[in-house]
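Here is the structure we will look at, set down as structure tokens.
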Amino acid sequence: MSGRVGVMGGTFDPIHHGHLVAASEVAYSFNLDRVIFVPTGQPWQKDQTIVSCAEDRYAMTVLATEFDARFEVSRVDIEREGPTYAVDTLTDLTNQLSAEFNGAPELYFITGADALAQILTWRDHERVVELANLVGVTRPGHLLDNPGLADGALTLLEIPAMAISSSDIRHRVRTGHPIAYLVPQAVADYIDERGLYQVEDATE
Ligand code: ATP
Ligand code: MG
């Protein structure tokens, strides 16, 4: 293993095929050995919203990724107290992976166009770009653009358009519409068994 590792942070409430395609495309384009999915702890930018508990979001992320040898799931953000900041995610993963590789890993932090547009509001974003290469990926309905980062800190990548969002999936579940093929079947089954997304949330 070369230590080239993708990092895909998200609320994953629930994880869907848009997330999985983004991770797969970035892994291919940047020749990554693996991509680590990192479900957030208490999501600081979503505090107006009812977010499913971390263990449900973690379980769905594991179910969605377990048959792809390139994909892993980390609990670093779930186990850290307080709101999740990318700078902490990347610091913790750098420390963990440095021990594993006996040297610093090369991290590729994956963000969709909507998340990338917010990056200048992130805590310590200067440090974020020191810890990882940023990869911004296209997302239907959002313009993919450099929000003002230094040249070289960011690569923009066009990926197949997946007009899927977790908000839309939650809305579909609550209103009895199908989610088949938008999320892996194991995730759909988990949502069903646990009775998730029956209550309306502010973002639907
Ligand atoms: P919500 O609707 O609850 O905000 P979401 O679908 O945006 O959910 P998140 O967990 O918020 O999913 O997103 C995690 C990361 O994945 C973000 O960087 C986001 O931009 C990216 N992403 C999510 N869906 C897509 C998609 N369909 N195509 C490309 N990137 C995506
Ligand atoms: Mg989102």
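Leaving out ligands, DNA and RNA, what percent of the accessible area of the stretch 124-177 is carbon and sulfur, probe 1.4 Å? Percent of accessible area from carbon and sulfur atoms in the stretch 124-177: 46. Using the Cα coordinates of the stretch 66-195, the gyration tensor eigenvalues translate into equivalent-ellipsoid semi-axes of 29, 21, 15 Å, sorted from longest to shortest.
Computed from the C-beta positions of Y181 and E55 and an R0 of 25 Å, the FRET efficiency is 0.45 to the nearest 0.05.
Ignoring ligands, DNA and RNA, what accessible area per residue does the stretch 93-204 give at 1.4 Å, in Å²?
56 Å²
Rolling a 1.4 Å probe over the protein chains gives D92 an accessible area of about 50 Å². Calculated from the alpha-carbon coordinates, the stretch 119-204 shows an Rg and a Dmax of 17.2, 47 Å respectively.
When all protein chains stay in place and ligands, DNA and RNA are ignored, the 1.4 Å accessible-area order of M162, M8, largest first, is M162, M8.
A simple spin-label model places the labels of A69 and H142 3.2 nm from each other, with each point 7 Å out along Cα-to-Cβ. Computed extension gain for S167 through E79, at 0.36 nm per residue and net of the alpha carbon distance, reaches 29.2 nm. Rg over Rh for the stretch 12-122 works out to 0.94, both radii taken from alpha-carbon positions and Rh defined as the Kirkwood radius. Placing dummy labels 7 Å off each Cα toward the beta-carbon, the span from R4 to T155 is 0.7 nm. For the chain, excluding the exposed loop sites themselves (trypsin sites (Lys or Arg not before Pro), DSSP loop, at most 16 other Cβ atoms within 10 Å), the longest remaining stretch covers 124-204.
The values are calculated or read from the model by the stated rules, or taken from the named source; none is laboratory data. Being a predicted model, the structure only gives us computed values, none of them experimental. Here Cβ is always computed from backbone atoms with ideal geometry, including for glycine, and neighbour counts include all displayed protein chains. Remember, those area values only see protein heavy atoms, side chains included, never the ligands or the DNA or RNA. Shrake-Rupley method; radii C 1.70, N 1.55, O 1.52, S 1.80 Å.
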